[in-house]
Amino acid sequence: MGTIVDNKKEEISQLVQSGIKKGINYDSYRKLVHHLAKNRGTTGTEQLESLINYTELNDRRMSRWDKTLKVSEEIQERIAKLDSNLVFLVLTESWCGDASPSLPVINKIAELSDTMELKILLRDENLSLMDKFLTQDARSIPKLIIWDKDKNDILGEWGPRPKVAAQMVLDYKKEHGKLSAQFKQDLQVWYNKNKGVDVLEEVVDLLALE
């Protein structure tokens, strides 16, 4: 039994490390999404009108978040105390509505530390990795995997949404079956009012900072 567990852990570690090597940085990802939005395209194999429209919308949303996101002095001080060498590996797609408010926050955390870096992978091109980090058996994104380079191990994972937003989604699905366009818009309103605070706090808490 122990050997099976060890082999599974080693397989996941190899997939994560491979993903880190081929992942792109945030600036490259933003340029990719902007290019796709400008040329009426989207990531993934399905070039659906709905996904293209979401890519355009997310490009604008991320631009706004990049410009307006503020990090409290308390959070900045907690991040400054970090001395572990970490990689934030995020699985996402350009059309993902929950990624547009979360990725800029995750990027800001990485920017505030000299010992952290952010790498981004497209989910549909990395399903073998994605399938190791399912949320209730679903390939939900964005999915953040925190890799500790010093310990050569996974420190934690986060996603696809902060806890309050996740509960909003669960409650809505329980009552209505699936998410409506109006609910998705309401969810973005919640993200805007929250100003990234919940994502910041939940991710920083995972870093086990004092």
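Values computed for the structure shown
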| item | result |
| --- | --- |
| Candidate set: segment 139-158, residues that are in contact (Cβ under 8 Å) with a residue 60 or more places away in the chain and touching a helix residue (DSSP H, G or I) at 6+ places or on another chain (Cβ under 8 Å); chosen: the one farthest from residue 17 (Cα to Cα) | 155 |
| Tabulated pairs, segment 76-99, first open to solvent by less than 10 Å² (accessible area, probe 1.4 Å), second small (Gly, Ala, Ser) and outside any loop (DSSP other than H, G, I, E, B), C-beta under 7 angstrom, 6+ apart or interchain | 88/110; 89/19; 92/99 |
| Answer from 134, 127, 121 - the residue that is under 14 Å from the mean Cα position of the chain (by Cα) and within 20 Å of residue 22 (Cα to Cα) | 121 |
| Among residues of segment 157-181, those that are among the small types (Gly, Ala, Ser) and over 18 Å from residue 137 (Cα atoms), counted | 3 |
| Residues located in segment 13-35, provided they are more than 30 Å from residue 185 (Cα to Cα), of a type outside the set (S, T, N, Q) and open to solvent by 30 Å² or more (accessible area, probe 1.4 Å) | 15, 21, 22 |
| Residue selected from segment 182-210 under the condition over 20 Å from residue 64 (Cβ atoms), out of contact with any Pro (no Cβ under 9 Å at 6 or more places or on another chain) and open to solvent by 70 Å² or more (accessible area, probe 1.4 Å), by the criterion modelled with the lowest pLDDT | 210 |
| Residue check for residue 163: farther than 16 Å from residue 62 by Cα, of a type in the set (D, E, K, R), open to solvent by less than 40 Å² (accessible area, probe 1.4 Å) and in contact with an Asp or Glu (Cβ under 8 Å, 6 or more places away or on another chain) | no |
| Residues that are part of a helix (DSSP H, G or I), in contact with a helix residue (DSSP H, G or I) (Cβ under 9 Å, 6 or more places away or on another chain) and open to solvent by 70 Å² or more (accessible area, probe 1.4 Å), drawn from segment 36-53 | 38 |
| Residue in segment 128-150 that is surrounded by 15 or more Cβ atoms within 10 Å (Cβ to Cβ), within 30 Å of residue 81 (Cα to Cα) and out of contact with any Leu (no Cβ under 8 Å at 6 or more places or on another chain) present | no |
| Residue under evaluation residue 66, criteria (1) closer than 17 Å to residue 132 by Cβ; (2) among the charged types (D, E, K, R); (3) within 17 Å of the chain's Cα centre (by Cα); (4) surrounded by 11 or more Cβ atoms within 10 Å (Cβ to Cβ), criterion not met | (1) |
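The values are calculated or read from the model by the stated rules, or taken from the named source; none is laboratory data. As the structure is a computational prediction, the values presented were derived from the model and not from experiment. Neighbour counts run over all protein chains shown; Cβ positions are idealised from the backbone, glycine included. The area values use the complete protein model at the heavy-atom level, side chains included, leaving out ligands, DNA and RNA. Shrake-Rupley method; radii C 1.70, N 1.55, O 1.52, S 1.80 Å.
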